[in-house]
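The structure appears below as structure tokens.
Readers should treat all values here as calculations from the given coordinates under stated rules, not as data from a laboratory. All of these numbers come straight from a predicted model, not from anything done at the bench. No Cβ is skipped: glycine too gets one built from the backbone with ideal geometry, and neighbour counts run over all protein chains shown.
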Amino acid sequence: MTPLPLAQKSAGWFFQPVALGRVAAMRFLAGAFIWVDWWWYMPWIVGHRHVPGELYQPLFIARVLPVFPTPSYWLVVGTLVVLLAASIPMMFNKAPRLFGWIVAAAYFEWMIIAMSYGKVDHGKFGFLILLFLLPTMPKARWGDRRNLSEHVGWGFNLVQIGVVCTYFFAAWAKVRYGGWEWVNSATMTWAIIRRGTEYSTWLLDYPWMLRLSQWGMVAFELLSPVVMFVAAKRFRYGIVAFFYLFHLTVFLAVEISFLPHMVAMACFLPLERINPRELIRNAPGLPGRIRRKLKARKAVPAQTRSGEAVPEAEPAS
Amino acid sequence: MDTQYATVRPLGRAVRVSITLVVLALVTATTFWGGDDFFPFAPFKMYSSSMELDGWAGSTRVEAVNAEGERFKLTEDATGFRRAELEGQKSRFIENPELLEFVAQAYENTNPDKPEIVTVEIIERRYRLEDGHQTGEVTEVVEAAYTREGADA
């Protein structure tokens with residue numbers, strides 16, 4: 001059977017090639033997050049080593065698969081040691097596939113330990129997908145923009161789907177659990193009473209602004225899948241930048257950062273352009289280069305004829 | 001160095017697209033019908049409940065009294081058991097307050113040098129809201145309490 005052209009085209013959407021340099025960068029970010037996770041982002045997970053097994057409430061997956069025993073002191077500590085030890089070679093590209101699998105398995109057990117005591121957190125879906133897909137990708141060097149791979153493209157596409165699902169289905173969960181009236185409810189008021197900061201508590205005096213922000217959130221969550229279908233790169237990066245700004249705002253307002261989600265989301269960005277060696281080598285000459293660039297920019301309008309519209313210079317990033 | 005372009009062969013393509021579709025199907029299914037129990041495929045219900053504009057916004061905490069008669073808040077750091085986890089299992093604790101014994105044990109495992117706990121209480125502080133504004137009206141309710149047998153505090 002010959003595949004239809006449309007089917008071929010849609011299959012191509014899953015396999016848009018990605019440069020290998022991005023894999024090295026994402027491995028580093030994922031490993032770095034694991035170190036941040038246990039001592040800053042979710043330091044309470046290791047606290048479960050002291051919680052008696054009677055308060056352990058096994059999840060569906062632990063009840064079905066007999067490979068997740070009731071956490072004990074040594075199981076919690078042991079999982080953490082294996083996780084941290086394996087994440088270092090993964091970060092620095094030593095046998096990254098082998099250590100990637102160890103990290104993925106250990107982190108999954110770490111999540112079982114975290115989520116089995118009466119509360120499941122929901123910001124790590126994309127990150128878990130990332131951990132399980134990184135080991136399927138080849139060994140890679142930072143800054144490699146020459147070698148392109150469809151395998152990697154598929155993997156990051158799935159991570160991106162996970163990231164977008166987190167937004168899109170969060171809107172649906174609001175409708176399911178909160179009903180359509182969620183957008184006009186006092187959920188943000190409640191959130192700020194519980195965990196407001198100096199940047200947000202003043203909002204309690206303006207409930208209409210909080211309600212407006214709820215409308216905005218649902219609108220952006222429902223529209224988020226657009227990012228998967230935008231061909232223009234700049235527009236795409238713009239949307240991703242908006243996502244990051246959204247998380248910054250939420251963090252300032254209620255101190256919830258969704259850091260692992262933001263790490264997974266980084267695979268939207270052209271991280272293959274980053275080459276740490278080059279950055280370090282060029283660092284001493286950087287001020288001079290910026291000065292030369294600015295000078296060159298200033299010189300441009302002088303060369304154009306008067307009366308001709310001068311395009312606004314892009315801000316130096 | 002030569003540029004390489006690695007393509008996925010047709011069989012690999014079929015397998016990979018299937019994996020993507022299975023992940024999507026699972027996350028869609030749990031979003032519509034499943035619950036937290038199906039983690040990692042759980043509905044993304046961060047702050048998804050509707051809070052009434054007129055009503056009570058509650059904030060739960062756990063307090064303990066130790067053998068020396070001191071009353072203090074049992075924080076996450078002191079027990080390793082989180083407020084949200086306590087709230088998640090709250091119906092269990094209300095039904096069977098003796099389970100609070102294990103919260104006391106968690107505290108003692110975490111702080112072996114501190115005096116033992118005699119009493120544990122779950123307390124909810126409720127803020128009255130009207131049209132989304134805080135009215136300033138606050139009440140506190142002890143939802144579950146447990147005192148160790150033989151303790152005289």
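Over the Cα atoms, compute the radius of gyration (one decimal) and Dmax (the largest Cα-Cα distance, rounded to a whole number) for the range B:1-48, in Å.
16.9, 52
What FRET efficiency do you get for B:Lys114 and A:Glu198 if R0 is 35 Å and r is their Cβ-Cβ distance, rounded to the nearest 0.05?
0.60
Spin-label point model (7 Å from Cα, Cβ direction): what's the B:Ala84 to A:Arg277 distance in nm?
4.2
If I require 20 Å or longer along the helix axis, counting alpha carbons, and a Kyte-Doolittle average no lower than -0.5, what helices from chain A are left? Use full DSSP H segments.
A:21-36, A:73-91, A:96-115, A:150-173, A:207-223, A:233-254
Within chain A, what's the longest stretch lacking chymotrypsin sites (Phe, Trp or Tyr not before Pro) that sit in DSSP loops with no more than 15 other Cβ atoms inside 10 Å?
Looking at chain A, A:93-198 is the longest stretch - no exposed chymotrypsin sites (Phe, Trp or Tyr not before Pro) with at most 15 other Cβ atoms within 10 Å.
Count charges around A:Phe268 for me, please; just the other residues with Cβ under 15 Å from its Cβ, Lys/Arg as +1, Asp/Glu as -1.
Taking every Cβ under 15 Å from that of A:Phe268, the sum is +4.
Determine, at each q value in 0.21 (inverse angstroms), the log₁₀ of I(q)/I(0) that the Debye formula gives when each Cα of the range A:184-303 is one equal point scatterer.
-1.16
Over the Cα atoms of the range A:1-131, what Rg and Dmax result, in angstrom?
In Å, with Rg to one decimal and Dmax whole: 18.2, 60.
Please count, across the protein assembly as shown, the pairs of lysine residues with Cα atoms under 23 Å apart that sit 8 or more places apart or on different chains.
Taking the protein assembly as shown as the scope, the lysine pair count is 13.
Find, to one decimal place in angstroms, the Kirkwood hydrodynamic radius of chain A, where the mean of 1/r is taken over every pair of different Cα atoms and then inverted.
Answer for chain A: a Kirkwood hydrodynamic radius of 22.7 Å.
Go through the range B:98-153 and name the GluC sites (Glu not before Pro) that are in a DSSP coil and have 16 or fewer other Cβ atoms within 10 Å of their Cβ.
B:Glu116, B:Glu149
Choose one of A:Leu248, A:Val226, A:Phe168: the residue whose Cα lies farthest towards the positive end of the charge dipole of the protein assembly as shown (beta-carbon charges +1 Lys, Arg; -1 Asp, Glu; about the Cα centre).
Value: A:Val226.
After finding the eigenvalues of the alpha carbon gyration tensor for the range B:55-147, what semi-axes result from the square roots of 5 times each, listed largest first in whole Å?
Working through the eigenvalues yields semi-axes of 27, 13, 12 Å.
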